[in-house]
1. List the aspartates and glutamates whose Cα lies under 13 Å from the Cα of Lys49, skipping any in the same chain that are fewer than 8 positions away.
2. Between Ala391 and Leu313, what length in nm is gained on full extension when 0.36 nm per residue of separation is reduced by their alpha carbon distance?
3. Which three lengths, in whole Å and largest first, does the stretch 76-141 cover when its Cα atoms are put on their principal axes?
4. Report for the chain the percent antiparallel among DSSP-assigned beta bridges with both residues inside it, nearest 5.
5. Once both labels are modelled 7 Å past Cα along the beta-carbon direction, what's the Leu427-Val538 spacing in nm?
6. For Gln246 and Arg529 in one chain, what is 0.36 nm times their gap in residues minus the Cα-Cα distance, to one decimal in nm?
7. Across the stretch 79-194, how large is the tail of the calculated P(r) beyond 21 Å, expressed as a percent of all Cα pairs?
8. Can you tell me the relative contact order of the chain? Whole percent, Cα pairs under 8 Å, sequence separation 6 or more.
Amino acid sequence: MRSSDRLPLLAAFTLAAVHWFLAVTAVATKSATFDEPTHFEAGYSYWLKNDYRLDSEAGVLAPRLAALPLLFNGPPFLAGSYVWDDGALLLRGRMVMALFGTGICLLAFFWAREVFGARAALLSTTLACFSPCLLANSPLVATDTAAAFFFGLATWLFWRLLQKISIARTVYAGLALAGVLLSKMSGILILPVLALLLIVHFWRGRSRLSKARILPLCAALFGVFAIAILLIWAAYGFRYSAIVGQPLSHFWPRHYSPAIEELIFKARRHHLFPEAFLYGFAYVVEHAAIRPTFLDGSYSLNGFFDFFPRAFLYKTTIPFLLLLSLCAAAAIFSQGRRRIGSLYPLIPLAALLLVYVAASLLAHLNIGHRHLLPIYPPLFVMAGALGWYFARTRARWLGFTIAVLLCWHVGESLAVRPDYLAYFNELAGGPSHGYEHLVDSSLDWGQDLPSLAHWLTKNADSQVYLAYFGTAQPEKYGIHAIRLPGYYGIPSPALELDGGIYCISATTLQQVYARTMGTWSVPYERYYRTTEARLADVGQAKISMDDATLLQELRVSRLCVALRHRRPLTQIGHSILIYRLTADEVAAALHGLPAELLPYSLVGGCEEKTEQP
């Protein structure tokens, strides 16, 4: 290998290592995010118990790999234990998962090098290395980054197989396809991508079709899918039943189209795939139809058509967006002087983007920008076209522009560290305004308990109230507060809210998952007032725990209405908002005129305007 080739390769591996270091050291300061304990526990159960009931809708690959370090001196398996959000144990899994981020960096390099050359590929690798959205998600014990890596890898390797059929390329493509399907249930979208690549390949070579060319291709395709199916069965222990010796006791989801229901029924009847794999797919299809969503102050039960376009614009650095715009301009300009065939190497990138973007626009499951991760690897690769164009033109203005935008991209990433998950660009007003646009896993996934504990140690001089959105245990971090309804956890029994420090997770502030979802309305206000009056007549000593929790939920909802209209005292990691309230301010928020009051709550997908949530 020539030194001119070795240096870019060495630089690419260095950047990939830098990405791993930045991701792991940043997440080491964070508490467990919402889904991590579940994935971690499930992965450990797969290894130790060969039992696939837990978390079957998430795919088995990422949880298995995350739990792999626990096989060496790990704790005894105890289902439902809070040990799975332990920071030291979780860090082991996070260090493994961050390797998928390094894999995306290297994938961007090798794919871009094949299309645009080694030096241009370094632009793609640098963009991937310092991407805030990739740094935020790559070390988490979750399925999103693994799926993004295998989506890109499978597309690239399948395309290379179509160009030159060989046994090695067939095996590589089969392994990558299995990786997609085992990483996440949405991995099924890889099939239309591969179908599109096949159509383009046949259309372009239609004049040269012959039996001698078709038979090897059919054999290779059979090999790819045979390897993928074999590995799917291997991942589930070559056993149909999710539980040893008995079928799943779960109620199988049925709320989807008759065609999908018939497909799943036949697959179960003939044991075409493992039971847990089929159940996970059915579960995802059913629960993706209706899910509460928040976007720019609006609420919906069945998502927004423009959720993912806006999330992409808010959560992607502006310099990266500008580089992509320059790439598009350069492609249009250069095609005016070159034959259209020069776009042929970009077909797999375009196919992956086309299929995944179309699926995202039609999806109702709008809970996080992380679901867009599979489009980032092809975009990183495409950005390398600008390096190729600069190498051909040697335009100084272009070189200067690329250097400035790249430094800006790196600077944005370093400036938000370690709060990568809370990154929002200037179009959204920056991270401090992120909660006004997106919540849930786009911003607030329960990750900032350590920082909250540190802040409270220095600033808590009165009673602390906590409305936390997450699954980690605040007490593990030394946070002793009156728990208010958040999402999980048992609220404290106290009914009265007084003055003090209120720590409110951004998702709770926007009341996305509350029974009074959406803007505060006349029906909500009437329900709140009548509930308070009814429980006042009962008497506090006789109020049941269910009624006490209901009253707390309604009071927190009424309080959040007021807090949404004032700036917080400070923000912890931009995901937990701190308010210092006097007793009079709390009383005004709970019993005075509401800060907002509409005739009915504006929630998309909710046609009936009922008086009671």
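The values are calculated or read from the model by the stated rules, or taken from the named source; none is laboratory data. Remember, predicted model here, so these are calculated numbers, not experimental data. So basically every Cβ, Gly included, is an ideal-geometry build from the backbone, and we count neighbours across all protein chains shown. Just so you know, the surface numbers come from the protein's heavy atoms only, side chains and all, with ligands and any DNA or RNA stripped out. Shrake-Rupley method; radii C 1.70, N 1.55, O 1.52, S 1.80 Å.
1. Straight-distance partners of Lys49: Glu41.
2. On the way: separation 78, 0.36 × 78 = 28.08 nm, distance 2.88 nm.
Value of the extension gain: 25.2 nm.
3. 51, 19, 15
4. Details: 13 of 22 bridges.
Counting only bridges with both partners in the chain, antiparallel ones make up about 60 percent.
5. It works out to 4.9 nm between the two label points.
6. Working: separation 283, 0.36 × 283 = 101.88 nm, distance 5.04 nm.
Full extension of this stretch gives 96.8 nm more.
7. Details: 3091 of 6670 pairs.
For the stretch 79-194, the fraction of Cα-Cα distances above 21 Å is 46 percent.
8. Details: 995 pairs, mean separation 97.4, N = 613.
Once divided by the residue count of the chain, the mean separation gives 16 percent.
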